[in-house]
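Chemist: Next up is a structure, given as structure tokens.
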Amino acid sequence: MLKKTQSFNDGLVKIYAVENIAENGAMPVEKLKIKQQLRYHERTVGYGRFWTALQNNVRVKYVLRCQRLREISTQDIAIPNKGKQYRIIQVQYPEDITPPVMDLTLEKLEQEFVEVDDEFE
């Protein structure tokens, strides 16, 4: 069976980890720290995915297909081209696609993080 070839021409998404930068014993202060920058292909949010998520009080805004990275998780935040912050609510790994890919299901954050660190170490 032939594998489908995936292109990533719709934009660039930055993936951030949420870090606590407060002193020990102080109130938590959360900041976004860059993990990865990935090109993506924007997928259609299907009826099934949309309505199933809505039943769980989640409003799916986007599904982005990127090259597969196992270190991306639902603990991370995504910021695509448009600059808005989204919580990654699901990471899926479709098969039979070259190169290996992951689908990130995103929900818009109601309260965005203020502190953002865009520099790789």
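Chemist: How large are Rg and Dmax for the chain when calculated on the C-alpha trace, in angstrom?
Modeler: 15.5, 57
Chemist: Which pairs, out of Lys33/Lys108; Lys35/Lys61; Lys4/Lys31; Lys33/Lys84, put more than 27 Å between their alpha-carbon atoms? Before the final figure, lay out the partial values.
Modeler: Values: Lys33/Lys108 18 Å; Lys35/Lys61 22 Å; Lys4/Lys31 38 Å; Lys33/Lys84 15 Å.
Exceeds cut-off: Lys4/Lys31.
Chemist: Can you work out ³J(HN,Hα) from phi for every residue in the stretch 15-26, in order, using Karplus 6.51 cos²θ - 1.76 cosθ + 1.60 and θ = phi - 60°, giving whole Hz and x for Gly and Pro?
Modeler: 3J(HN,Hα) across the stretch 15-26, in whole Hz: 10, 10, 8, 9, 10, 8, 9, 6, 5, 4, x, 8.
Chemist: Can you tell me the relative contact order of the chain? Whole percent, Cα pairs under 8 Å, sequence separation 6 or more.
Modeler: Details: 259 pairs, mean separation 35.1, N = 121.
Relative CO of the chain lands at 29 percent.
Chemist: Give the residue from Ile97, Val116, Thr74 lying farthest towards the positive end of the charge dipole for the chain; charges sit on Cβ (+1 for Lys and Arg, -1 for Asp and Glu) and the dipole is referred to the Cα centre.
Modeler: Going by the charge dipole, the pick is Ile97.
Chemist: Determine the dipole magnitude for the stretch 4-114: charges of +1 sit on the beta-carbon of Lys and Arg, -1 on that of Asp and Glu, nothing else is charged, the reference point is the Cα centre, and the result goes in debye to the nearest 20. Mind dumping the intermediate values first?
Modeler: On the way: 17 positive and 13 negative charges, 64 e Å.
Dipole of the stretch 4-114, to the nearest 20 debye: 300 debye.
No lab work stands behind these numbers, since they all come straight from the coordinates. Quantities reported herein were computed from a predicted structural model and do not represent experimental measurements. For neighbour counting, all protein chains shown are included, and Cβ atoms are generated from backbone atoms with ideal geometry for every residue, glycine included.
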